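Enquirer: Quick one: this structure, given as structure tokens, is what I'll be asking you about.
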Amino acid sequence: MRNEKSACLLIGKCYMHGSSSSRDEALRDRRARMLSRGLPKQKPIEGVKQVVVLASGKGGVGKSTTAVNIALALAANDSTKEVGLLDADIYGPSIPKMMNLKGNPELTPENLMRPLKNYGITCMSMGFLIEETAPVVWRGLMVMSAVEKLLRQVDWGQLDYLVVDMPPGTGDVQLSVSQNIPIAGAVIISTPQDVALLDARKGAEMFRKVHVPVLGLVQNMSVFQCPKCKHETHIFGANGVRDLAKTLGLDFLGDIPLHVNIREMCDSGQPVVISQPQSDAAKAYLKIAMEIVRRLPVPSA
């Protein structure tokens with residue numbers, strides 16, 4: 001009897017364990033289904049073949065300057081390609097000034113906004129919709145609504161590439177864009193400075209978590225060359241981004257030098273790729289644009 005009781009208890013425990021495992025598995029399946037229902041379905045932007053986002057973990061690393069020159073370089077490398085530029089930085093839009101654009105978008109008969117265009121690049125920004133000096137004092141939901149409008153309520157025409165200048169960080173805008181539209185690839189911009197590298201790593205990991213392919217890292221402000229004696233100084237450190245790319249198992253796309261002309265030309269609305277196409281700085285952007293295209297998937301017909 002004692003053996004029978006022991007056997008029954010053992011069987012009962014096994015049954016309960018099996019039942020518990022089954023319940024846990026069912027619960028996990030249910031949670032997965034709920035999560036999948038909760039996420040927005042990715043919907044392509046009408047007329048846009050491939051979206052490339054340029055992002056940084058923190059501000060002040062020259063991301064917008066890089067986005068502008070990369071967009072121009074994509075068009076310069078292949079004149080058959082149509083390129084657009086979306087300024088997704090709602091709080092601090094800088095594309096209008098860098099692309100020398102002013103004015104409000106016109107509306108199509110379908111009530112879509114017509115982007116402004118310069119240097120052959122189709123551009124859209126919150127900066128076209130508000131006064132240049134007016135601050136945007138909005139909460140998260142309003143920012144998300146604005147991003148959605150910039151993505152969906154714009155007549156982009158037919159674009160081969162839409163370059164998205166993301167705001168710095170890993171917050172709501174990055175998640176909203178990543179989850180709402182199919183992104184062909186993300187490019188992380190950083191200086192070699194240790195503080196910037198910490199945040200660049202977070203940015204790369206965020207895109208991996210939301211299943212956006214990271215095409216590679218770009219090292220901005222990599223080296224400063226004295227215009228008089230030509231001596232080179234690594235003001236923010238040397239090879240930090242290259243080393244980070246190796247650590248993360250990602251591609252290193254190239255270096256952009258720290259040069260006063262890059263800043264001056266963007267501030268004047270004449271980006272260096274357009275105004276000084278034979279300069280070393282312009283050649284750096286053109287090379288990086290080629291590296292980006294090489295890593296993009298073949299667009300669907």
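Enquirer: Could you order Cys266, Cys229 by accessible surface area, starting with the largest, using a probe radius of 1.4 Å?
Expert: Cys229, Cys266
Enquirer: Also, I was wondering about something else. Leaving ligands, DNA and RNA out of it, work out the accessible area of Asp255 with a 1.4 Å probe and give it in Å² to the nearest 10.
Expert: 50
Enquirer: Can I ask one more? If you put +1 on each Lys and Arg Cβ and -1 on each Asp and Glu Cβ, how big is the dipole of segment 125-276 around its Cα centre, in Debye rounded to 20?
Expert: Dipole of segment 125-276, to the nearest 20 debye: 340 debye.
Enquirer: For Tyr119, what accessible area in Å² do you get when you roll a 1.4 Å probe over the heavy atoms of the protein chains, rounding to the nearest 10?
Expert: About 70 Å², rounded to the nearest 10.
Enquirer: Just check the chain against the gyration tensor rule for me: Cα atoms, a ≥ b ≥ c as the square roots of the eigenvalues, rounded for a/c under 1.5, and otherwise prolate or oblate depending on whether a/b exceeds b/c.
Expert: Taking the square roots of the gyration eigenvalues as a ≥ b ≥ c, the chain is prolate.
Enquirer: For a test of understanding, tell me how many lysine pairs in segment 177-299 have Cα atoms under 21 Å apart, given they are 8 or more places apart or on different chains.
Expert: Qualifying lysine pairs in segment 177-299: 4.
Enquirer: For segment 37-190, take the convex hull of the Cα atoms, compute a quarter of its surface area, and give me that in nm², please.
Expert: 9.2
Enquirer: Here is a further query. Please tell me the relative contact order of segment 85-144 in percent, rounded to the nearest whole number, where contacts are Cα pairs under 8 Å and at least six residues apart.
Expert: On the way: 64 pairs, mean separation 24.3, N = 60.
It comes to 41 percent, rounded to a whole number.
Enquirer: Report, in whole Å, the centroid distance computed from the Cα atoms of segment 72-86 and segment 144-172.
Expert: 17
Enquirer: At a Cα cut-off below 15 Å, give the aspartates and glutamates reachable from Lys49, other chains included and same-chain residues fewer than 8 away excluded.
Expert: Lys49 reaches Glu82, Asp155, Asp160.
Enquirer: Here is a follow-up. Quick check: with the 1.4 Å probe, what order do Thr191, Thr65, Thr247 take by accessible area, largest first?
Expert: Listed by decreasing accessible area, they come as Thr247, Thr65, Thr191.
Enquirer: Something else: With a cut-off of 8 Å between alpha carbons and a minimum separation of six or more residues, what is the relative contact order of the chain in percent?
Expert: 23
Enquirer: So how do Ser64, Ser79 rank on accessible area, 1.4 Å probe, biggest first, that is with the largest at the start?
Expert: Correct descending sequence by accessible area is Ser79, Ser64.
The values are calculated or read from the model by the stated rules, or taken from the named source; none is laboratory data. In this text the structure is predicted, and so the values were computed from the model without any measurement. Note: ideal-geometry Cβ built from the backbone for every residue, glycine included; neighbour counts use all protein chains shown. Quick note on the areas: whole protein, heavy atoms, side chains included, nothing else; ligands and nucleic acids left out. Shrake-Rupley method; radii C 1.70, N 1.55, O 1.52, S 1.80 Å.
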